[in-house]
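Enquirer: Just passing along the structure, written as structure tokens.
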Amino acid sequence: MLTAFIDFKAPASYLALMPTLELLAEKGTDVSWRPFRCWERPLPSQVADETVSANHRLTRLRSLREIHEHYAKLRGLTMRWREESGSTDLALGLLALWPGDPLRFVEACYRAYWSDGADLNCANTVHAIAGVSGWSDAYPQSGEVCAALDQAQREGEERGVVDAPAFIVGEQLVVGREHMPWLRERL
């Protein structure tokens, strides 16, 4: 069993989805999709009197974005960047409460966020995605969704998760999509 901690707004988490699904199919392994709220740094604007450290941060963030875009292009994926990444808490909280296999919901949320520019913290948007992804129960109250996400967040932090994606196989934790070869070997 593989446990995958994800955040729909995390570009590395989005780029890890297809390789993770390929790995699961190859190894015949099940996955437990767990939400993990992370913070995405917005790309700062350049100013005339920028300090060396501010320039360094801007250069690193631009470089990281270019790397994400390169890998997205290789996979045929669209990455629609935003000024501010916003919140995906409602979708993540619903993932924490999902009955059964949430894969269709996970895929639909990534597509909605990165291709369509959808707000995954808007109840109407998230409920529409959930409805076409197989959710048939009444939607939980916002307090229950928030509590479920908070509990999942604590669970991830207690297990050592610091960013998304993060994967746990047995007791081994790896953070980042670049560890797929190690996960393949471990599985």
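Enquirer: Cβ-Cβ distance below 9 Å, separation of 6 or more or different chains: which pairs start in segment 157-177 with a residue that is touching a residue at least 60 places away in the same chain (Cβ under 8 Å) and more than 14 Å from PRO35 (Cα to Cα) and end on one that is surrounded by 17 or more Cβ atoms within 10 Å (Cβ to Cβ) and polar (S, T, N, Q)?
Expert: VAL169/THR3; ARG177/SER13; ARG177/THR20
Enquirer: Going by the structure shown, is ALA112 more than 27 Å from LEU173 (Cα to Cα), modelled with pLDDT of 90 or more and assigned to a helix (DSSP H, G or I)? So that I can check it myself, show each step before the final result.
Expert: Values: more than 27 Å from LEU173 (Cα to Cα): yes; modelled with pLDDT of 90 or more: yes; assigned to a helix (DSSP H, G or I): yes.
In short, yes.
Enquirer: How about segment 115-159: which of its residues are more than 18 Å from PRO102 (Cα to Cα), of a type in the set (A, V, I, L, M, F, W, C) and not in a helix (DSSP H, G or I)?
Expert: ALA118, CYS122
Enquirer: Which one of the conditions (1) modelled with pLDDT of 95 or more; (2) surrounded by fewer than 17 Cβ atoms within 10 Å (Cβ to Cβ) does LEU97 fail to meet, given that it meets all the rest?
Expert: Of the numbered conditions (1) modelled with pLDDT of 95 or more; (2) surrounded by fewer than 17 Cβ atoms within 10 Å (Cβ to Cβ), the odd one out for LEU97 is (2).
Enquirer: Could you tell me whether segment 115-132 includes any residue that is of a type outside the set (Gly, Ala, Ser), in contact with a Phe, Trp or Tyr (Cβ under 6 Å, 6 or more places away or on another chain), under 21 Å from LEU24 (Cα atoms) and surrounded by 17 or more Cβ atoms within 10 Å (Cβ to Cβ)?
Expert: Taking segment 115-132 first, the residues of a type outside the set (Gly, Ala, Ser) are 116, 119-122, 124-127, 129, 132.
With the extra rule that they be in contact with a Phe, Trp or Tyr (Cβ under 6 Å, 6 or more places away or on another chain), the set shrinks to 120, 127.
Keeping just the survivors that are under 21 Å from LEU24 (Cα atoms) gives none.
No, segment 115-132 contains no residue that is of a type outside the set (Gly, Ala, Ser), in contact with a Phe, Trp or Tyr (Cβ under 6 Å, 6 or more places away or on another chain), under 21 Å from LEU24 (Cα atoms) and surrounded by 17 or more Cβ atoms within 10 Å (Cβ to Cβ).
Enquirer: Out of everything in segment 64-89 that is of a type in the set (D, E, K, R) and not in a helix (DSSP H, G or I), what residue ends up being modelled with the highest pLDDT?
Expert: Among them, the one singled out is ARG80.
Enquirer: Identify, from the list LEU92, LEU97, LEU77, the residue that is within 13 Å of the chain's Cα centre (by Cα) and of a type in the set (A, V, I, L, M).
Expert: Just a single option satisfies the conditions, and that option is LEU92.
The values are calculated or read from the model by the stated rules, or taken from the named source; none is laboratory data. Everything numeric in this text was worked out from a predicted model, so none of it was measured. As a convention, Cβ positions derive from the backbone with ideal geometry for all residues, glycine included, and neighbour counts pool all protein chains shown.
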